[in-house]
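Enquirer: Please read through the structure below; I'll follow up with questions.
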Amino acid sequence: MQWGLNWFICTLRSSIGKKLIMALTGLGFCIFLIAHLAGNLTICAGEDAFNSYSERLHALGPLVILTEIGLLFFAVTHVFIGAYLFYENFRARPEKYLIKKNAGGRTIGSVTMPYTGLFILLFIVLHLVDFHFVEKTDQTIYQIVLETFSNPGYAFFYIVSMIIVAIHVSHGFWSAFQTLGVSNSGYMSLFRVMGIVISLAVGFGFGLLPIYISFIS
Amino acid sequence: MTKAGNKSCINLKLKVWRQKGPDVKGRFETYKARDVSTNMSFLEMLDVVNEEMILSGKDPIAFDHDCREGICGACGTMVNGRAHGPEKGTTLCQLHMRHFSNGDTVIIEPWRSRAFKVVKDLVLDRSVFDKIIQAGGYISVNTGGAPDGNAIPVPQESAEKAMDAAACIGCGACVAACPNASAMLFVGAKVSQFTLLPQGLPEAKKRALAMIGKMDELGFGNCTNETECEKECPKEISIENIARMNREFLKAGLS
Ligand code: HEM
Ligand code: SF4
Ligand code: FES
């Protein structure tokens, strides 16, 4: 392989290069999740606060569109490189073990990464159909949210999805820092704890919203 | 001689992977290990089983071994789904039979990876590790008079970390234990032992890229930070070395 000459192509080709891209796009989603959660929590301040948050966000115009394009690009990259890595890893052990026990390193998050990821992809598509590409001319966003969550089946699906996102992030967050090489022994446990805190915040923050909307507000 | 029934002697049922050659289909076969002293090592237990097989005219179980004191990296199989068996920080040759109970079934399998080929039974061709070392796991020095002992100052902490990384014996348990059959703990250790020391710095960039490039080419999987390798490594090499290798890759690419 010719290193140095075409750095970008070589990075894409190499194992660590692909992992770095997974880490950067994944952390990008983590930042997005936190911002999105902060926005959604305005619903706790009432109908008007939530509607005006939505209006002001969309008043940013080109900035919103730019972020959306960025996120779409990140999503396509994360999904395709993730799928390719999964395929390569599957291929790396053609003959499976008769029995294989975990030595204590793996977590629910780490074992399920590709599957939770796939589920999140499905969720994102449905989520965009429900709340993004929905007809908004004669309904406020608050009304749409209220109506969608009044369907118990949908509320259940939404809560399960948020738990799955939390599981993905519980491994993904610290894993990204390990991949980026930032996590040496001094910081590793810090990133691990931060990952758990963020995944709990995401799981409870998003997951409790439908319950709050249906029963409390 | 103590006999089974006595506390220091046990009987076991072994389920062992038998494969006549690299391109032959293998299968599990069941054997009885009788009167195994609990003071024996795992390999000595296999020796006893093999002796009996040789006497009855059967083909003994082929397995890798050399030093039998945990320093050469030749031995190693999966034992009941764990690389080098269930004990922490132990090579197979250092695993004692006192960790097993009378009547146990023990499943013995070779490391499984596309990059490691079975030569016979439990013997593996691990020359892929040598290829990775040949790609950059060395330092180029001009020979001549022996250099002065303290001519190159090395901070204590770097020396310690480099020594910890250099403890890797190249056994391949990390690859075997990894859900992705990734070799990143091995390569991380080998990159780290040089890059932490002043002698290794001049070639750090070239070395990291060459060794990682070779590792990818040989068909190992990609690390997903499961940390199984660190848990199974007989020398307890830390995944900190994988983070350092990733850093070296980034540095080499960006500079
Ligand atoms: C809310 C959306 C998502 C977030 C916050 C997220 C976050 C992350 C993070 C931080 C990582 C760790 C990267 C690393 O280990 O360096 C990761 C890995 C991964 N993600 Fe996602 N992800 C999301 C959506 C998805 C989707 C939609 C898929 C696939 C359909 C997916 C599949 C994967 C896979 C397979 C990995 C493991 C890759 C590896 O470790 O090599 N993720 N994700
Ligand atoms: S890192 Fe540990 S498990 Fe891997 S080859 Fe070296 S000594 Fe064996
Ligand atoms: S035979 Fe040398 S390490 Fe086990």
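Read-outs: derived from the displayed coordinates by stated rules, not from any lab. Just so it is clear, the model here is predicted, and its values are computed rather than measured. For neighbour counting, all protein chains shown are included, and Cβ atoms are generated from backbone atoms with ideal geometry for every residue, glycine included.
Enquirer: Taking beta carbons within 10 Å but only from partner chains, what does the mean come to for residues B:246-254?
Expert: What the average comes to for B:246-254 is 5.
Enquirer: While we're looking at this one, here's another question. Under a point-charge model restricted to the Cβ atoms of Lys and Arg (+1) and Asp and Glu (-1), what is the dipole moment magnitude of the protein assembly as shown relative to its Cα centre, in debye to the nearest 20?
Expert: 1180 debye
Enquirer: Provide the FRET efficiency to the nearest 0.05 for the B:Asn142-A:Leu190 pair, computing r from the beta carbons and using R0 = 51 Å.
Expert: The value I calculate is 0.70.
Enquirer: So how do B:Glu87, B:Glu230, B:Glu29 line up by other beta-carbon neighbours within 10 Å, fewest first?
Expert: Going from least to most buried by this count: B:Glu29, B:Glu87, B:Glu230.
Enquirer: Right, here's the next one. If all Cα-Cα distances of the range B:6-159 are sorted into 5 Å bins from 0 onward, what percent lands in each bin, rounded to whole numbers?
Expert: So the P(r) values, bin by bin, are 2, 8, 14, 18, 16, 12, 8, 6, 6, 5, 4, 2, 0.
Enquirer: Counting other beta carbons within 10 Å of each Cβ, put A:Cys44, B:Cys93, A:Cys30, B:Cys229 in order, fewest first.
Expert: The order, fewest Cβ neighbours first, is A:Cys44, A:Cys30, B:Cys93, B:Cys229.
Enquirer: Taking the alpha-carbon centroid of each part, what is the distance from the range A:117-186 to the range B:226-255 in angstrom?
Expert: 32 Å
Enquirer: Ok, one more. Checking the a/c ratio against 1.5 first, then a/b against b/c, what shape does the Cα gyration tensor give for the range A:76-217?
Expert: Since a/c reaches 1.5 and a/b is larger than b/c, the shape of the range A:76-217 is classed as prolate.
Enquirer: Quick one: putting +1 on the C-beta of Lys and Arg, -1 on the C-beta of Asp and Glu, what dipole do you get for the range A:9-216 around its Cα centre, in Debye to the nearest 20?
Expert: Charge dipole, the range A:9-216, about its Cα centre: 1380 debye, nearest 20.
Enquirer: A follow-up question, please. For the range B:64-123, run through the trypsin sites (Lys or Arg not before Pro) and keep only the ones in DSSP coil with at most 15 other Cβ atoms within 10 Å of their Cβ.
Expert: Counting only loop positions with at most 15 other Cβ atoms within 10 Å, the trypsin sites (Lys or Arg not before Pro) in the range B:64-123 are B:Lys88.
Enquirer: Please compute the contact order of the range A:9-216 in relative form: average sequence separation of alpha-carbon pairs under 8 Å and at least six residues apart, divided by the residue count, as a percent.
Expert: 29 percent
Enquirer: If you don't mind, another one. Less than 16 Å apart at the alpha-carbon level, and either on another chain or at least 8 residues along: which lysines does that give for B:Lys206?
Expert: Counting by Cα, and skipping residues close in sequence, B:Lys206 has these lysines nearby: B:Lys131, B:Lys190, B:Lys214, B:Lys251.
Enquirer: Using alpha carbon centroids, what distance separates the range A:40-76 and the range B:72-142, in Å?
Expert: About 53 Å separates the Cα centre of the range A:40-76 from the one of the range B:72-142.
Enquirer: Sticking with this structure for a sec: Tell me the chymotrypsin sites (Phe, Trp or Tyr not before Pro) within the range A:130-217 that lie in a loop according to DSSP and have at most 16 other beta-carbon atoms within 10 Å.
Expert: Sparse-neighbourhood loop chymotrypsin sites (Phe, Trp or Tyr not before Pro): A:Phe133.
Enquirer: Right, here's the next one. Within 10 Å of each Cβ of A:169-182, how many other protein chain Cβ atoms are there on average?
Expert: Across A:169-182, the average partner-chain Cβ count within 10 Å equals 3.
Enquirer: May I pose another question? Peptide B:109-122: average number of partner chain Cβ atoms within 10 Å per residue?
Expert: Rounded to a whole number, the mean comes out at 2.
Enquirer: Treating the angle as unsigned and between 0 and 90°, give the value, to the nearest 10°, between the Cα long axis of helix B:240-254 and the longest Cα principal axis of chain B.
Expert: Helix B:240-254 and the main axis of chain B meet at about 40 degrees.
Enquirer: At a threshold of 8 angstrom on Cα-Cα distance, excluding pairs fewer than six apart, so keeping six or more, what relative contact order does chain B reach in percent?
Expert: 19 percent
Enquirer: Specify the angular offset, from 0 to 90 degrees and rounded to the nearest 10, of the alpha carbon long axis of helix A:108-131 from the longest principal axis of the alpha carbons in chain A.
Expert: 30 degrees
Enquirer: Compare the Cα positions of A:Met188, A:Leu209, A:Met113 along the charge dipole of the range A:9-216 (+1 at Cβ of Lys, Arg; -1 at Cβ of Asp, Glu; about the Cα centre) and return the one farthest towards the positive end.
Expert: The one lying farthest along the dipole's positive direction is A:Met188.
Enquirer: Could you tell me which of A:Gly61, A:Gly17, A:Tyr97 has its Cα farthest along the dipole of the range A:9-216 towards the positive end, charges placed at Cβ (Lys, Arg +1; Asp, Glu -1), taken about the Cα centre?
Expert: So the residue we want is A:Tyr97.
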